Amino acid sequence: MVPVPDHTPRELLDFYLEAGADALVGEEAVDRFAPVEAAVPPPRPARQVPDTATQSRAAPAIAPQAPDEAAMAARAAARSAQSLEELRAILEKFDGCALKATASRLVFADGNPQSKIMFVGEAPGRDEDIEGLPFVGRSGKLLDRMLAAIGLDRKAAYIANIVPWRPPGNRTPTPQESAICLPFILRQIELVDPDLLVCLGGPSAQTLLGIKEGITKSRGRWFDFNNGKRDIKAIATFHPAFLLRSPLQKRFAWRDMLAIKKALTG
Ligand code: URA
């Protein structure tokens, strides 16, 4: 029989990192092998009911438990934002999405809010969580090259995500998490009011454009998108992270970028 080698704690940590488990989710270690009786959770503290009379309109501090309640609170909170600064401040205080508890910080947006074009990805990854800006890791570097290929950069484009907090281990946000965050990105699009919206990847396209089919079918097609103020044009293309894994698909993304350039320059 082949002996199983002893793994050092360093090797075990490297294994966890490789598997995407690179964030602590609690202050105290949990003994997962403890007998079940010992693992009974303490009673939940009474819920805080927000005092709507004294709450500032721009910064509702809410801590809902149920996803429906959280989504309703998100809609009310997002609607109350009159500017991007207010929206960011509201999100900083919003406690309705559990991802906030495990992320290090809010990843709101990058780029030029006056831009005519807005790109929306799925959710921040590890690098974005560290820096507090969207698309700064490997896929962000590719996005920068895609922008440069059509004469754009971060001073000429506005970039955000459907979900503004990093899901642990870079997992895909759950439909509930996306639904809770959706009012905020919709309001962000309304406040930026770009002429063109570009969905990066299938989840962004499905969430914003309401399409059921996958990105391979939906990319490169123009959609009408009502941004709350007016109808604008929207298109979906491959997510840069997917292009890093499947470089042969870059030729399709290139076509999409050319179509975007044409639409931008008229
Ligand atoms: N992937 C995304 O969808 N968004 C980011 O900000 C980074 C990676």
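Laboratory data are not the source of any read-out in this text; all were calculated from the coordinates shown. As the structure is a computational prediction, the values presented were derived from the model and not from experiment. Cβ coordinates were reconstructed from backbone atoms using ideal geometry, including for glycine residues, and neighbour counts include every protein chain displayed.
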With respect to residue 248, is the statement that it is more than 13 Å from residue 200 (Cα to Cα), in a helix (DSSP H, G or I) and within 16 Å of the ligand (Cβ to nearest atom) true?
no
If I filter segment 229-240 for residues that are within 16 Å of the ligand (Cβ to nearest atom), part of a helix (DSSP H, G or I) and under 18 Å from residue 172 (Cα atoms), do I get at least one hit?
yes
Every residue from segment 83-109 that is hydrophobic (A, V, I, L, M, F, W, C) and over 14 Å from the mean Cα position of the chain (by Cα):
84, 87, 89, 90, 94, 101
Given the conditions (1) surrounded by fewer than 15 Cβ atoms within 10 Å (Cβ to Cβ); (2) assigned to a helix (DSSP H, G or I); (3) more than 15 Å from the ligand (Cβ to nearest atom), report the number of the one that residue 224 does not fulfil.
(2)
Considering every residue within segment 98-105, establish whether at least one is within 14 Å of the ligand (Cβ to nearest atom), farther than 18 Å from residue 208 by Cβ and buried (at least 18 other Cβ atoms within 10 Å of the Cβ).
yes
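Conditions tested, residue by residue: (1) touching a strand residue (DSSP E or B) at 6+ places or on another chain (Cβ under 9 Å); (2) closer than 28 Å to residue 231 by Cα; (3) among the basic types (Lys, Arg); (4) surrounded by 23 or more Cβ atoms within 10 Å (Cβ to Cβ).
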site	(1), (2), (3), (4)
135	yes, yes, no, yes
162	yes, yes, no, yes
169	no, no, no, no
173	no, yes, no, no
Take the residues in segment 125-173 that are more than 9 Å from the ligand (Cβ to nearest atom), of a type in the set (A, V, I, L, M) and farther than 24 Å from residue 249 by Cβ; name whichever of them is nearest to the chain's Cα centre (by Cα).
130
If you scan segment 187-207, which residues turn out to be surrounded by fewer than 21 Cβ atoms within 10 Å (Cβ to Cβ) and aliphatic (A, V, I, L, M)?
191, 196
The listed residue being free of Cβ contacts under 8 Å to residues at least 24 places away in the same chain and either more than 14 Å from residue 240 (Cβ to Cβ) or outside any helix (DSSP H, G or I) (or both), out of 127, 95, 153, 144
153
Which of the residues spanning segment 110-124 are away from the ligand (no atom under 15 Å from the Cβ) and in a loop (DSSP other than H, G, I, E, B)?
112, 113, 114, 115, 116
Residues that are of a type in the set (A, V, I, L, M, F, W, C), assigned to a loop (DSSP other than H, G, I, E, B) and out of contact with any Lys or Arg (no Cβ under 6 Å at 6 or more places or on another chain): does segment 162-174 have at least one?
yes
Looking at segment 249-263, which of the residues that are surrounded by 17 or more Cβ atoms within 10 Å (Cβ to Cβ) and in contact (Cβ under 8 Å) with a residue 60 or more places away in the chain is farthest from residue 192 (Cα to Cα)?
253
Residue identified as in contact with a His (Cβ under 9 Å, 6 or more places away or on another chain) and either within 21 Å of residue 87 (Cα to Cα) or surrounded by 21 or more Cβ atoms within 10 Å (Cβ to Cβ) (or both) among 122, 131
122
Restricted to segment 235-248, and to residues that are buried (at least 16 other Cβ atoms within 10 Å of the Cβ) and out of contact with any helix residue (DSSP H, G or I) (no Cβ under 6 Å at 6 or more places or on another chain), which residue is nearest to residue 163 (Cα to Cα)?
239
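The rows are residues; the columns are (1) in contact with a helix residue (DSSP H, G or I) (Cβ under 8 Å, 6 or more places away or on another chain); (2) under 19 Å from residue 194 (Cα atoms).
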| residue | (1), (2) |
| --- | --- |
| 117 | yes, yes |
| 121 | yes, yes |
| 125 | yes, no |
| 129 | no, no |
| 137 | yes, no |
| 140 | yes, no |
| 145 | no, no |
| 153 | yes, yes |
